[in-house]
Amino acid sequence: MPENPITIAIDGPSGSGKSSVSKAVARQLGLAYLDTGAMYRALTWWCLERGLDTTDVEAVAAQADTFPLVIGTEPDAATVHVGGTDIGAAIRQTRVSEQVSHIATNLQVRATMRDLQRQIIADARHAGAGIVVEGRDITTVIAPDAEHRFLLSASEEARLARRARELFDTDDDSALAATHDQIVRRDAADSTVSAFFEPAPGVVGIDTSDLTFDQSVAAVLDAVEANAPAGEPVRIPDHGGNR
Ligand SMILES: Nc1ncnc2c1ncn2[C@@H]1O[C@H](COP(=O)(O)OP(=O)(O)O)[C@@H](O)[C@H]1O
Ligand SMILES: Nc1ccn([C@H]2C[C@H](O)[C@@H](COP(=O)(O)OP(=O)(O)O)O2)c(=O)n1
């Protein structure tokens, strides 16, 4: 087991920059990376493929217990497979984004995901330098004892514009309107089961609204460095660490 593995937990609403910043931080520090949102999306895809009603709490929970999910934890290969099928692209489809909150607010599903996520974190700490884990309940429920915990935020305006540019290559009015459901409605639904708009006690809040992407990454890296035990430099200075 490595000497001092670390877990970096990062939460925040949609479009706050969790996935992109977490991947970059993991790369820089030579850590594994876990996108917990991808796990909820994978289960949503699986249920839709089987024609299940995603609001059927018991039926969905039964699938969560058994569906053959394999999630990659390399920041440059954060792959998602179920039963050997690569669904990395399919889980980003609009039909999945529209339904995923039904799955993510199912408390039985959350309990199953919690156990899976904790196992992945334990494995990464056992096998390597540690892991960056991002989602909505990582700082509060999944890994409240993580060495470093962050809540990323950004104004609704900034988050909508980012997502619109990502999905439609523009943030004109029609792109913003099309993005609204994915960001605002989904966050409202998801926040009924997790608290990710404000940092919990002991969690470092970073508002990325007026930061560039690189500044957001640097803000997390600087805070990790500042919080590291004395004599243990954590930043790997050259290109992307050892993974
Ligand atoms: N200051 C910033 N911090 C983080 N991401 C930013 C920033 N400015 C622009 N972006 C872009 O916004 C998008 C954020 O998306 P993502 O990382 O998927 O957010 P989340 O995982 O929170 O939904 C990315 O395309 C990223 O490059
Ligand atoms: N730990 C988590 C991670 C994601 N979720 C929910 C929140 C979202 O509706 C879905 C998908 O998460 P994802 O992080 O991919 O969402 P974004 O599209 O990046 O906003 O899962 C959750 O409830 N708890």
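The values are calculated or read from the model by the stated rules, or taken from the named source; none is laboratory data. Keep in mind it's a predicted model, so treat the numbers as computed, not measured. Glycine also receives a Cβ, built like all others from the backbone with ideal geometry; neighbour counts cover every protein chain displayed.
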Please pick out the residue among Y33, Y40 that is modelled with pLDDT of 95 or more, closer than 15 Å to P75 by Cα and either within 14 Å of ligand 2 (Cβ to nearest atom) or surrounded by fewer than 23 Cβ atoms within 10 Å (Cβ to Cβ) (or both).
Y33
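Is it the case that region 95-102 has a residue that's touching a residue at least 40 places away in the same chain (Cβ under 8 Å), of a type in the set (A, V, I, L, M, F, W, C) and either outside any helix (DSSP H, G or I) or away from ligand 1 (no atom under 16 Å from the Cβ) (or both)?
Filtering region 95-102 down to residues touching a residue at least 40 places away in the same chain (Cβ under 8 Å) leaves 95-102.
Add one more test, that the residue is of a type in the set (A, V, I, L, M, F, W, C), and what stays is 96, 100.
So of that shortlist, the ones also either outside any helix (DSSP H, G or I) or away from ligand 1 (no atom under 16 Å from the Cβ) (or both) come out as none.
No, region 95-102 contains no residue that is touching a residue at least 40 places away in the same chain (Cβ under 8 Å), of a type in the set (A, V, I, L, M, F, W, C) and either outside any helix (DSSP H, G or I) or away from ligand 1 (no atom under 16 Å from the Cβ) (or both).
Of all residues in region 103-115, which are away from ligand 1 (no atom under 16 Å from the Cβ) and either buried (at least 18 other Cβ atoms within 10 Å of the Cβ) or of a type in the set (G, A, S) (or both)? Lay out the reasoning, then the answer.
Narrowing region 103-115 to residues away from ligand 1 (no atom under 16 Å from the Cβ): 103, 105-115.
Listed by number, the residues that qualify are I103, T105, N106, V109, R110, A111, T112, M113.
In region 147-168, what count of residues is obtained for those that are part of a strand (DSSP E or B) and surrounded by fewer than 23 Cβ atoms within 10 Å (Cβ to Cβ)?
Within region 147-168, the first condition is being part of a strand (DSSP E or B), and the residues that meet it are 148-153.
Cutting the leftovers down to surrounded by fewer than 23 Cβ atoms within 10 Å (Cβ to Cβ) gives us 153.
Within region 147-168, residues that are part of a strand (DSSP E or B) and surrounded by fewer than 23 Cβ atoms within 10 Å (Cβ to Cβ) number 1.
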Go through (1) in contact with an Asp or Glu (Cβ under 8 Å, 6 or more places away or on another chain); (2) part of a helix (DSSP H, G or I); (3) aliphatic (A, V, I, L, M) for L34 and report which single condition fails.
(2)
Mind listing just one residue for me: the one in region 1-24 that is within 11 Å of ligand 1 (Cβ to nearest atom) and of a type in the set (A, V, I, L, M, F, W, C) and, of those, surrounded by the fewest Cβ atoms within 10 Å (Cβ to Cβ)?
A24
Where the second residue is assigned to a helix (DSSP H, G or I) and at pLDDT 95 or above and the first is closer than 15 Å to S22 by Cβ and β-branched (V, I, T) and lies in region 215-229, which pairs have Cβ atoms under 8 Å and are six or more apart or on separate chains?
V217/V21; V217/A24; V217/V25; V217/Q28; V220/V21; V220/V25; V224/V25; V224/L29
When you check A189 against the structure, is it aliphatic (A, V, I, L, M), within 19 Å of G37 (Cβ to Cβ) and either more than 13 Å from ligand 1 (Cβ to nearest atom) or in a helix (DSSP H, G or I) (or both), yes or no?
yes
